[in-house]
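Values in this text are rule-based calculations from the coordinates and carry no lab data. Please read all numbers here as calculations on a predicted model, not as lab measurements. Neighbour counts run over all protein chains shown; Cβ positions are idealised from the backbone, glycine included.
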Amino acid sequence: MTIRDVLAQPRPTLSYELFPPRTPAAESTLEETMRALAATRPDFMSITYGASGTTRGASRGVVHRLAVEHTVPPLAHLTCVDQSRAELIEVIEAYLEDGVRDFLALRGDPPQGQTDWRPHPEGLLYASDLVALLREVAHAHGIDDLSVGVTAFPAQHVVPQYRQMGLDVFRAKQDAGADFAITQVFYEVRQFTSLVTDARAQGIHLPVIPEVMPLVSERRAIRAEQLTEVRIPSELFAGLEAARDDDEARAVGVAHAARLSRDLLDAGAPGIHIITFNQHRAALELVDAMGLVRD
């Protein structure tokens with residue numbers, strides 16, 4: 001059953017985001033996290049993919065372990081960054097050979113030290129091109145049960161000068177064959193509802209799964225804002241800043257994420273996708289607060 005099939009069911013989905021480890025210590029932490037999160041019986045876990053294919057082998061390894069050792073459906077990220085069309089086809093075919101049927105197609109951010117987006121000379125320009133390529137490669141191998149996700153941007157959508165351009169990009173992804181979307185990080189439910197309402201009005205009907213990040217420290221909040229360029233609500237940052245220890249800071253972040261998640265589900269979100277930073281404690285506390293652990 002693909003993510004597209006799961007989203008057709010009436011109950012909300014539960015999923016997590018992981019990233020491939022770069023050190024033996026990180027490998028051990030990731031294994032512990034995967035075991036803990038798998039116990040909540042999520043619908044899937046997504047695995048990020050480094051710029052320029054820097055984590056290609058590691059990402060594929062995590063995907064395989066999730067599916068085989070933990071029996072959790074993996075959502076494999078792919079990006080257009082610094083890869084030719086031929087290289088992308090090679091990666092897609094390797095995942096298909098491993099039995100992967102769920103992909104998240106992203107344009108990707110410029111590599112570190114590069115300020116503007118420049119495609120590979122023989123590569124793809126947009127995420128919609130990657131969606132189309134995934135469909136093309138799968139079809140060439142006789143695979144019809146492919147499920148392709150894309151990203152959506154609620155925080156940017158409420159900025160007037162970005163709104164229509166963002167919707168046009170979203171529509172192009174749907175037209176290319178996307179099945180669902182996962183948002184990038186945001187912190188206010190109105191940002192999500194505004195995006196979904198405007199998208200529906202323009203004929204974009206993809207299910208949109210909100211991504212939620214339980215912030216566990218002031219330092220993590222500062223770093224998240226730098227990476228995502230999404231401003232953190234002042235009251236959340238103040239609470240993290242005032243926390244006396246790690247446990248109190250984590251409780252502040254989890255409480256905010258739980259309120260946001262409940263409001264999102266009440267507003268019709270089809271599920272919750274939790275950023276974990278390969279740490280399971282805050283993610284499990286958030287799931288428990290939402291009551292989303294599977295029987």
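Some notes on this structure:
- Database remark: amide H of Leu104 closer than 5 angstrom to the amide H of Ala76, His77, Leu78, Gly149 (H placed geometrically; neighbours at sequence offset of 5 or more, or on other chains; Pro and chain starts carry no H).
- Cα shape, the stretch 1-51, gyration tensor, a/c 1.5 rule: oblate
- Expressed in units of 2.2 N^0.38 Å, where N is the residue count, the Cα radius of gyration of the chain is 0.96.
- Among the trypsin sites (Lys or Arg not before Pro) in the stretch 138-245, those placed in a DSSP loop whose Cβ has at most 14 other Cβ atoms within 10 Å are Arg231, Arg244.
- Gyration tensor verdict on the stretch 1-103 (Cα atoms; rounded if a/c is under 1.5, prolate if a/b is larger than b/c, oblate otherwise): oblate
- Residue-wise HN-Hα couplings along the stretch 78-95, as the Karplus relation 6.51 cos²θ - 1.76 cosθ + 1.60 with θ = phi - 60° gives them from phi, are 9, 10, 8, 5, 6, 9, 6, 4, 5, 5, 5, 4, 4, 5, 4, 5, 5, 5 Hz; Gly and Pro carry x.
- Taking each DSSP H run with n ≥ 4 as -39500 (n - 2.57) and averaging over every residue of the chain yields -15500 deg cm²/dmol at 222 nm.
- Scanning residues 5 or more positions from Glu17 or on other chains, those with amide H under 5 Å from its amide H are Ser46, Ile274, Ile275, Thr276, with H placed 1.01 Å from N in the peptide plane.
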